[in-house]
Amino acid sequence: MTEPALLLERDGHVVTLTMNRPEVKNAINMEMLCRLADAWDMIDADADVRCAILTGANGNFSSGADLDKLVTRSMAGLPPEDEFEERIRADYTIIFNGLLRNSQLKKPLIAAIEGYCVAGGTEILQGTDIRVAGESAMFGVTEAKWSLYPQGGSVIRLRRQIPYTKAMEMLLTADMYPAEEALSFGLIGRVVPDGQALASAKEIAATVAANGPVAVQKIKEAVIATECLPEKDALAVDFQIGQQVYQTEDSREGPKAFKEKRTPVYKGR
């Protein structure tokens, strides 16, 4: 029996998702999209999960969409070949949910990137919060090269996450960029030796998961909610969200633990 296209591992409060089609550099097919969409729902719904990691199997993050599975078959009108294709034919929003286009996780999401992270790989990357890459990793939004449109959200998100002129260069040239250059213009946050991205991501995830989970989630909520608001309006939303943290048990536990010189015991409420 073949392994699923997405592997899930749980370690305490941290869930690691591994895109698992190494024979095609973890190209995204319908099974992977369905499993990703389901995993995001699970992570947000499970109060015990405080942080998630997304990575790829066997030295690559993702080479993007499996064009034969996602485009060619649908355009040719071929019948669904499995339950995952049936699900997506019945509800195409699963594609965008899987790619984190329509929404973002409530919980922090860390990307651990090795090797190829191009096209749909770079698109889903933009739905993550913290990004660690091996030094040989390569990035690019390459859809235009094949006369395709990057429908994972890059046209909107990329120009908001990196400088405008660099975003336009990436989108219009469809070129690929090494990790150090991607770091220089802010697409990723850290570069580590090859093979160490996941270990580094797990260290970061452990740090995040040890913090107050309500505070962490509300900080992310406020960042997303205020992204395009004028400062006055954004500060009003920020204050409202921040006040919710101070109504929790954890907001009393943190200062108490600090005073008693011990590790806080957070309950997420």
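When the test is whether a residue is under 19 Å from the mean Cα position of the chain (by Cα), modelled with pLDDT under 95 and not in a strand (DSSP E or B), A39 does not pass it.
Within the option set T142, T122, being of a type in the set (S, T, Y), open to solvent by 10 Å² or more (accessible area, probe 1.4 Å), touching a residue at least 24 places away in the same chain (Cβ under 8 Å) and on the phi < 0 side of the Ramachandran plot holds for one residue only, T142. Checked against (1) of a type in the set (S, T, Y); (2) at pLDDT below 95; (3) within 15 Å of G120 (Cβ to Cβ), S62 passes all but condition (2).
Under the condition of being more than 25 Å from V265 (Cα to Cα) and either more than 18 Å from the chain's Cα centre (by Cα) or not hydrophobic (A, V, I, L, M, F, W, C) (or both), the residues counted in the range 194-228 number 6. Taking the range 197-207 as the range and being buried (at least 17 other Cβ atoms within 10 Å of the Cβ) and over 20 Å from I162 (Cβ atoms) as the test, the residues that pass are L198, S200, A201, K202, I204, A205. In this structure, does A179 turn out to be out of contact with any strand residue (DSSP E or B) (no Cβ under 7 Å at 6 or more places or on another chain) and among the hydrophobic types (A, V, I, L, M, F, W, C)? Here the answer is no, as A179 does not meet what is asked. Selection of first residues in the range 33-52 that are on the phi < 0 side of the Ramachandran plot and of second residues that are open to solvent by 10 Å² or more (accessible area, probe 1.4 Å) and among the aromatic types (F, W, Y), restricted to Cβ pairs under 7 Å at least 6 apart or on distinct chains, gives the following pairs, ordered by first then second residue: C34/F84. Selection of the range 23-38 for residues being closer than 21 Å to A201 by Cα and either out of contact with any helix residue (DSSP H, G or I) (no Cβ under 9 Å at 6 or more places or on another chain) or surrounded by 24 or more Cβ atoms within 10 Å (Cβ to Cβ) (or both) yields only N26. Close Cβ contacts (under 7 Å, 6 or more residues apart or on different chains) running from residues in the range 211-239 that are farther than 24 Å from V14 by Cα and open to solvent by less than 40 Å² (accessible area, probe 1.4 Å) to residues that are assigned to a helix (DSSP H, G or I) and not hydrophobic (A, V, I, L, M, F, W, C) comprise T226/D238. Is the range 244-266 home to any residue that is without any contact (Cβ under 8 Å) to a residue 40 or more places away in the chain, under 30 Å from G134 (Cβ atoms) and open to solvent by 80 Å² or more (accessible area, probe 1.4 Å)? The answer is no, given that none of the residues of the range 244-266 is without any contact (Cβ under 8 Å) to a residue 40 or more places away in the chain, under 30 Å from G134 (Cβ atoms) and open to solvent by 80 Å² or more (accessible area, probe 1.4 Å). Restricting attention to the range 1-22, the residues being open to solvent by 20 Å² or more (accessible area, probe 1.4 Å) and among the hydroxyl-bearing types (S, T, Y) number 2.
The values are calculated or read from the model by the stated rules, or taken from the named source; none is laboratory data. Since the model is a prediction, treat every value here as computed from it, not as a measurement. Positions of Cβ are generated from backbone atoms using ideal geometry, with glycine treated the same way; all protein chains shown enter the neighbour counts. In case anyone asks, the SASA skips ligands and DNA or RNA and just uses the protein heavy atoms, side chains included. Shrake-Rupley method; radii C 1.70, N 1.55, O 1.52, S 1.80 Å.
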